[in-house]
Amino acid sequence: MSKIYTSFDEMSRAFNKVRGELADLGVLWEGSRLANVDATYLTVAPIAALAGYMGLYQPETKEIEFPSVYLPIEALWKDLGTKANALDVFRHEFGHALADLYPGALKKGGVFRTAFGGSYGEDPAEERGVDGWEERYVSEYATSATQEDFAETFMLFVKHKGKIPVKFARKPAIRKKWKAVAAIVKAVAAQSR
């Protein structure tokens, strides 16, 4: 089993690239709450590495913790879904940051609850984690809880610049979540004016 190492420079490049993507979407601007989110590079994180911990948004400090080392355990990668690189980790964790810093945007008109089947941070719904998840979720990890469902969908929304990939556009439940993320992004971007 080989380890994967991400250098501080690689982490910094990924963090700044994602910040640029968020700015392009209109949710990060000078003075925005997301502008205060920073990244912490963890050089000694053996427990995190063994657990497959790839990133974590800390609401108390407004930081995304990023470990320098993590293990590519095949089953773990499957469980983690689509986050296979530093860019996707930051996109995902910025989804959690957006939800933390702009909670009103998630509640506006009940769009989040309607699309994701509960409020942000709620325990997984009964149907989560069952066979056939591919029709309702963008990754298997998204089935674990509403907040992870949102963060995984947000990650792909940012990655694809808001344009839904064809493989998801054909799935009504995912299309509904994509539209909810678009509405949330629009609500946050409107605060920049």
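Here are some notes:
- Built amide H within the under 5 Å cut-off of Glu63, gap 5+: Asp38, Gln58
- Using the Cβ of Ala115 as centre and a radius below 10 Å, the other residues enclosed give a net charge of +4, where K and R count +1 and D and E count -1.
- Spatial separation of Cα centroids for the stretch 132-193 and the stretch 83-107, in angstrom: 11 Å
Quick note: the coordinates plus some simple rules give every number you see, no bench work behind them. Every value quoted in this text rests on a predicted model; they were computed, and no experiment measured them. Please note: Cβ atoms are built from the backbone with ideal geometry, for glycine as well, and neighbour counts cover all protein chains shown.
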